[in-house]
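Below you'll find the structure, written out as structure tokens, and then a few comments.
The values are calculated or read from the model by the stated rules, or taken from the named source; none is laboratory data. Because the structure is predicted, anything quoted here is derived from the model rather than measured. Cβ placement follows ideal geometry from the backbone for every residue including glycine, while neighbour counts extend to all protein chains displayed. Quick note on the areas: whole protein, heavy atoms, side chains included, nothing else; ligands and nucleic acids left out. Shrake-Rupley method; radii C 1.70, N 1.55, O 1.52, S 1.80 Å.
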Amino acid sequence: MAIVLRITSDSSHKYLDITKSLKPLSFGRSESCDYTLDDDGCSGNHLELTLKTNQITIKDLDSKNGTILNNKKITRDRLYVDDIIQIGDSYIELHTDSLTTIEKETFRNRRTVVDQSAGQLTIPDLSRSQKNKEKLVSDDKRRHGFNELTNITGIAKPKISELAKAKKKKAE
């Protein structure tokens, strides 16, 4: 099939086949660009797209308003399936309907590899973690000369059973 960009501007879509592009393609308002955008938010020479065998590279050409990729300002990055480039009020994206299954896999978003692997992690047993934390705290207190009934001011806390006895005596 073909590698096609869908360019959306003023609510209309235009398609640009970049499959056989041998040189970087420039986008901007200038007539010298390979693709001219009629957009006030676009610089004369705004960005450059380079197609290599298995990747499309985006390079901002020091544009005034910058190039936005997936709501983040970039200077250089790669273009993947489901990415959206914003230049002023115009948008550029890979037209997935024109891609073969192999091309879709080639241009699959690799940025989320770390996020996807997080789904394979197991959640630790919190009760065991809490017990370990309590043990570490008690070991730390012993190491520094505190016993379990000493608070931060150094005054010994009465045991609960002693408090109950004192309360009983007071009530009598």
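Observations, loosely collected:
- Some residue of region 80-87 being surrounded by 13 or more Cβ atoms within 10 Å (Cβ to Cβ), in contact (Cβ under 8 Å) with a residue 60 or more places away in the chain and closer than 19 Å to ASP38 by Cα: yes
- When region 36-48 is filtered for residues that are surrounded by fewer than 16 Cβ atoms within 10 Å (Cβ to Cβ) and part of a strand (DSSP E or B), only THR36 remains.
- Scope region 88-97; condition touching a residue at least 40 places away in the same chain (Cβ under 8 Å) and open to solvent by less than 50 Å² (accessible area, probe 1.4 Å); matching residues: GLY88, SER90, ILE92, GLU93, LEU94, HIS95
- Residues that are over 28 Å from the mean Cα position of the chain (by Cα), buried (at least 17 other Cβ atoms within 10 Å of the Cβ) and in a strand (DSSP E or B), drawn from region 1-34: LEU16
- Residues located in region 49-60, provided they are at pLDDT 95 or above and open to solvent by 50 Å² or more (accessible area, probe 1.4 Å): LYS59
- Scan of region 14-60 for residues that are touching a residue at least 12 places away in the same chain (Cβ under 8 Å), among the hydroxyl-bearing types (Ser, Thr, Tyr) and over 20 Å from LYS104 (Cα atoms), ordered by number: SER26, SER30, SER32, TYR35, SER43
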